[in-house]
1. Given Cα pairs under 8 Å that are at least 6 residues apart, what percent is the relative contact order of the chain?
2. Using θ = phi - 60° and the Karplus relation 6.51 cos²θ - 1.76 cosθ + 1.60, list the HN-Hα couplings for the range 131-139 in order, rounded to whole Hz, with x at every Gly or Pro.
3. Each residue of the range 58-70 in order: what ³J(HN,Hα) in whole Hz does its phi give by Karplus 6.51 cos²θ - 1.76 cosθ + 1.60, θ = phi - 60°, with x for Gly and Pro?
4. Given H placed on each backbone N at 1.01 Å, which residues far from His106 in sequence or on other chains put an amide H within less than 5 Å of it?
5. Please give the helix 88-100 orientation as an angle from the longest Cα principal axis of the chain, in degrees from 0 to 90, rounded to the nearest 10.
6. Largest first, please: the extent of the C-alpha atoms of the range 91-193 along each principal axis, to the nearest Å.
7. If you line up the long axis of helix 143-174 against the longest principal axis of the chain, both from Cα atoms, how many degrees apart are they, to the nearest 10?
8. Counting only residues 5 or more places away or on other chains, whose amide H sits under 5 Å from the amide H of Thr19 once H atoms are built in the peptide plane?
Amino acid sequence: MSRRGDSAHPHDGAGAQPTRTLVVWDPLVRVLHWSLVIAVALGWATTFWLGGWHLAVGWTALAIVVVRIAWGFVGPRRARFSSFVRGPRVAARHARRVLAGDEPRHLGHNPLGGWMIVALLLVVVGLAFTGWLYTTERFWGDETVEQVHVWLAWAIVALVAMHVAGVVVAAFRHRENLVASMLDGKKRAPRGDDID
């Protein structure tokens, strides 16, 4: 075992060099990630079935997001927004490299992934806010509030689809199981042009 949770796992095949791995995603990031996945799925499901649970699921999703935002300022390095939210020029440059098929591998979130996280968190906050507004006496039955809530619900579907597509592309390009990384927290140690 190496320091700080690092480890080495041998490749299959004779004479192959072991691949070093690092713990990238701390346990709280991983629990919050999968909890939000479940909450968003339940948010959709309770719209059509078990409608009485919809409000509770919305509050739960908001609580998850609030904890994740706080952790984004006080958590370990790779959990912090400052480590993965980059300016528009950096994100645009990364997008061009993705389209060209020569983007570098990032140990943490890449610049597009960073903005995806921000967008997903903001949409969940918007969903919770408009859902709460709809329960107030002033906005009960307000068609505009309801319509914005519906638009945000569809926006999260589109963002989730883009997020999954980005994960698939990055996993394929960099030959890395990113779903497993978000389960055990480990990724292959940086090498070559990888960005830590």
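1. 26
2. x, 5, 3, 5, 8, 7, 4, 5, 10
3. Using θ = phi - 60°, the values come out as x, 5, 5, 4, 5, 4, 4, 5, 4, 5, 5, 5, 4 Hz.
4. Ile195
5. In the chain, helix 88-100 runs at an angle near 60 degrees to the longest axis.
6. Largest first, the range 91-193 extends 59, 30, 16 Å along its Cα principal axes.
7. Rounded to the nearest ten degrees, it is 10.
8. Here His9, His11 satisfy the definition.
None of the figures in this text is laboratory data; all of them are computed from the coordinates on show. A quick note: this is a predicted structure, and the numbers were derived from the prediction, not measured. Virtual Cβ from ideal backbone geometry, glycine too; neighbours counted across all protein chains shown.
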